[in-house]
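Working notes, structure below.
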């Protein structure tokens, strides 16, 4: 069977002792777990993605949580003070936005789990073609403010939880990716981990 899913808000230390999780496991507003898309095979991933209809409406007042569960968070976040323990795409300090795009493009081409995950994220951002619609010009370098709360990804199988970033300035440097539907996402430079917070 599949490994147990770490609950939202699990600390980084606890997560290090948890088995890898299927990508990505989410907890909806009612507390029920969902797991889109299955990434075991490309066929399963493609079937799931074909059935998805990303929203293209302009977002105001943080309506991203109405789009896909990966944008939803609630309750009390766990504080995290250091990144890099459970990387998704690895240390990317020293890369430009274009170079990080190229890094993700290589993973998309060569790894079925990453391909399904990146397609899911980009469809959630309003790109019906998934990651194939990505362009280097959508990637910029930013620093996220200390204390920002949002969904932080972890580990090679792309789980995530609700966290507050109380890290060093270096650990808050990120790549921002422009979304078609206004639900922009970030990938942290220290670990290559997904991070979403609503800044509308």
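The values are calculated or read from the model by the stated rules, or taken from the named source; none is laboratory data. Since this is a predicted model, take the numbers as computed values, not measurements. Ideal geometry is used to build each Cβ from the backbone, glycine not excepted, and the neighbour counts take in all protein chains shown.
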Next on the checklist: Anything in the stretch 65-80 that is more than 15 Å from residue 185 (Cα to Cα) and assigned to a loop (DSSP other than H, G, I, E, B)? List them, or say none.
Outcome noted: 74, 75, 76, 77
Checklist entry - Among the numbered criteria (1) touching a helix residue (DSSP H, G or I) at 6+ places or on another chain (Cβ under 8 Å); (2) in contact (Cβ under 8 Å) with a residue 24 or more places away in the chain; (3) more than 19 Å from residue 69 (Cβ to Cβ); (4) in a helix (DSSP H, G or I), which single criterion is violated by residue 116? => result (3)
Next on the checklist: Based on this model, can you work out whether residue 70 counts as under 18 Å from residue 165 (Cα atoms), modelled with pLDDT under 95, in contact with a helix residue (DSSP H, G or I) (Cβ under 9 Å, 6 or more places away or on another chain) and surrounded by 12 or more Cβ atoms within 10 Å (Cβ to Cβ)?
Outcome noted: yes
Item to check | Residue selected from the stretch 125-144 under the condition in contact with a strand residue (DSSP E or B) (Cβ under 8 Å, 6 or more places away or on another chain) and assigned to a loop (DSSP other than H, G, I, E, B), by the criterion surrounded by the fewest Cβ atoms within 10 Å (Cβ to Cβ) | outcome: 144
Checklist entry - So which of 83, 152 ends up being part of a strand (DSSP E or B), modelled with pLDDT of 95 or more and either over 23 Å from residue 199 (Cβ atoms) or touching a strand residue (DSSP E or B) at 6+ places or on another chain (Cβ under 6 Å) (or both)? => result 152
Checklist outcome for this item: Scanning the stretch 86-98 residue by residue, those surrounded by 14 or more Cβ atoms within 10 Å (Cβ to Cβ) and either assigned to a helix (DSSP H, G or I) or touching a helix residue (DSSP H, G or I) at 6+ places or on another chain (Cβ under 6 Å) (or both) turn out to be 86, 92, 97
Checklist entry - How many of the residues in the stretch 156-171 are assigned to a loop (DSSP other than H, G, I, E, B) and in contact with a strand residue (DSSP E or B) (Cβ under 9 Å, 6 or more places away or on another chain)? => result 4
Checklist entry - Is it true that residue 191 is buried (at least 21 other Cβ atoms within 10 Å of the Cβ), at pLDDT 95 or above, over 11 Å from the mean Cα position of the chain (by Cα) and in a loop (DSSP other than H, G, I, E, B)? => result yes
Checklist entry - Considering 154, 122, which residue is without any contact (Cβ under 8 Å) to a residue 40 or more places away in the chain and crowded, with 18+ Cβ neighbours inside 10 Å? => result 122
Checklist entry - Can you find even one residue in the stretch 172-182 that is in a helix (DSSP H, G or I) and over 14 Å from residue 71 (Cβ atoms)? => result yes
